[in-house]
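I have placed the structure first, in the form of structure tokens, so that the comments after it can refer back to it.
The values are calculated or read from the model by the stated rules, or taken from the named source; none is laboratory data. In this text the structure is predicted, and so the values were computed from the model without any measurement. Virtual Cβ from ideal backbone geometry, glycine too; neighbours counted across all protein chains shown. The accessibility values were calculated without ligands, DNA or RNA, using every heavy atom of the protein model including side chains. Shrake-Rupley method; radii C 1.70, N 1.55, O 1.52, S 1.80 Å.
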Amino acid sequence: MNQDLTVGRPENVLWKFCLPLFGSIIFQQLYNIADSLVAGKFIGENALAAVGNSYEITLIFIAFAFGCNIGCSVIVSQFFGARDFNGMKTAVYTSMISSAVLCFLLMVFGILGCRQLLNLINTPAEILSDSQLYLDIYMWGLPFMFFYNIATGIFSALGDSRTPFLFLAASSSVNIAVDIFFVTTLHMGVAGVAWATFLCQGISCILAVAVVQRRLKSIKATGHVPLFSLPILKKVASIAIPSILQQSFISAGNIIIQSVINGFGASVIAGYAAAVKLNNLVITSFTTLGNGISNYTAQNIGADKPGRVKEGFRAGIKLVWLLSLPLCLLYFLGGRWLLYLFMDSPTGTAVQTGITFLRILAPFYFVVSAKLVADGTLRGAGIMNRFMVSTFTDLILRVVLAIFLSKTALKATGIWCAWPIGWSIATALSVFFYHNGPWKNAEICRVQNSSASPAEE
């Protein structure tokens, strides 16, 4: 099921590879959406607020797992594209060992420090205990989340986007059922929501890692394959650390924004918690497609085919804009009914908060999706400094504007306006950096039908 992304018509290859990634992230986000949906629908508005409040902190830990995923995936892609299977296997083992050490340190930090983080973001007293309970259980499941992300990064590096999709489709569907069972039948409250996620992610992780090991055995290497390589670790870190910093600073920025939102009360928190889950479903989907473009770019850079990168970028833009159109219309026109899925007895303030948030952000999905495609291309080529510049520009603008505009007559609405401003300026930077990349003067390599096998097409 491994796929060579360096041959075949770029648009066909990329679409075939990325569409299962889009399906995968939809199911991945069902974990978080299911938590909020069940909490709000079967427990209450405060439970929805508690899960949403905790989610902003979990994003810090997800940022590290995401960075490890990207670092491993890009370097393994480059080795795979260059047909260096010994280096590829060493990169996999090195990534797993280093990620295990990092995960352990984060678990210790999370278990000891979550209460302080919740206090730091001004968590209201009525949701503090449930927020901490959710986070305490989440911390024990951190290894599952880490190693599942590493496994999916390896699958993507090998050109296989279908296997992660199948894992997520099954586990996410089961997670919803277990969520409901724990909350409605066993009456476990917020703890039931957290334990359901813990169990389902655990099973997915174990299965995914087992399949990765089996897949690696089927790829023949020559001679001894080292389990750890410091030079390869440095290569992985050169991609992973900027990605971790990107996601960590975004998470830190979101926590600052969450602390501003917390000053407007539990109803606004609940409305934002529901709406931001819907928004994150879209943004994370585009980010995952950007990761797919990173794999495509990395394989072609490894195979010394930079000309194919330009066609891949164009195909990526077409893909994300085709997806942006229905999502924009759905959120702008049908946001109210989507928000009702999360709330059993919604207050007017909570619903109106969510509607306003979605209507302000949805039209700008066309903008931010283009940024994430450009970012994916830069990251796949290892151009991390320019990638970081656009990311920090977006983050700094959003945080500063959210704080400033929340103090004006716009109040909470001013916070939501910070998103499209940051997205627009950062997108202009990312696209500019892409157009000045190393493929700027490369001849576009169009693959003729006669040079590709039917399987590749």
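A few notes on this one:
- Selected residue (criterion: farthest from G81 (Cα to Cα)) from residues of the stretch 124-161 that are open to solvent by less than 10 Å² (accessible area, probe 1.4 Å), in a loop (DSSP other than H, G, I, E, B) and not acidic (D, E): G141
- Considering the conditions (1) surrounded by fewer than 22 Cβ atoms within 10 Å (Cβ to Cβ); (2) in contact with a helix residue (DSSP H, G or I) (Cβ under 7 Å, 6 or more places away or on another chain); (3) part of a helix (DSSP H, G or I), A177 is excluded by exactly one of them, (2).
- I244 part of a helix (DSSP H, G or I), in contact with a Phe, Trp or Tyr (Cβ under 7 Å, 6 or more places away or on another chain) and either modelled with pLDDT under 85 or not aliphatic (A, V, I, L, M) (or both): yes
- The set of residues in the stretch 180-197 that are surrounded by fewer than 16 Cβ atoms within 10 Å (Cβ to Cβ) and assigned to a helix (DSSP H, G or I) comprises F181, T184, T185.
- Residue identified as in contact (Cβ under 8 Å) with a residue 12 or more places away in the chain, within 23 Å of N295 (Cβ to Cβ) and not charged (D, E, K, R) among L378, L401, L395: L378
- I26 vs. criteria in a helix (DSSP H, G or I), surrounded by fewer than 20 Cβ atoms within 10 Å (Cβ to Cβ) and within 14 Å of the chain's Cα centre (by Cα): yes
- Taking residues in the stretch 352-364 that are at negative phi, and partners anywhere that are among the acidic types (D, E), not one pair has Cβ atoms closer than 6 Å while being at least 6 places apart or on different chains.
- In the set M107, M96, only one residue is under 23 Å from the mean Cα position of the chain (by Cα), free of Cβ contacts under 8 Å to residues at least 40 places away in the same chain and crowded, with 16+ Cβ neighbours inside 10 Å; that residue is M107.
- Restricting attention to the stretch 187-231 and to residues that are aromatic (F, W, Y) and touching a residue at least 60 places away in the same chain (Cβ under 8 Å), the residue that is nearest to I176 (Cα to Cα) turns out to be F198.
- Leading residue by the ranking (modelled with the lowest pLDDT) among those in the stretch 307-362 that are in a loop (DSSP other than H, G, I, E, B) and open to solvent by less than 40 Å² (accessible area, probe 1.4 Å): M343
- Residue ID - modelled with the highest pLDDT, chosen from residues in the stretch 247-268 that are under 17 Å from A418 (Cβ atoms) and touching a Leu at 6+ places or on another chain (Cβ under 9 Å): S259
- Qualifying residue in the stretch 110-123 (condition: modelled with pLDDT under 85, surrounded by 14 or more Cβ atoms within 10 Å (Cβ to Cβ) and either polar (S, T, N, Q) or not in a helix (DSSP H, G or I) (or both)): yes
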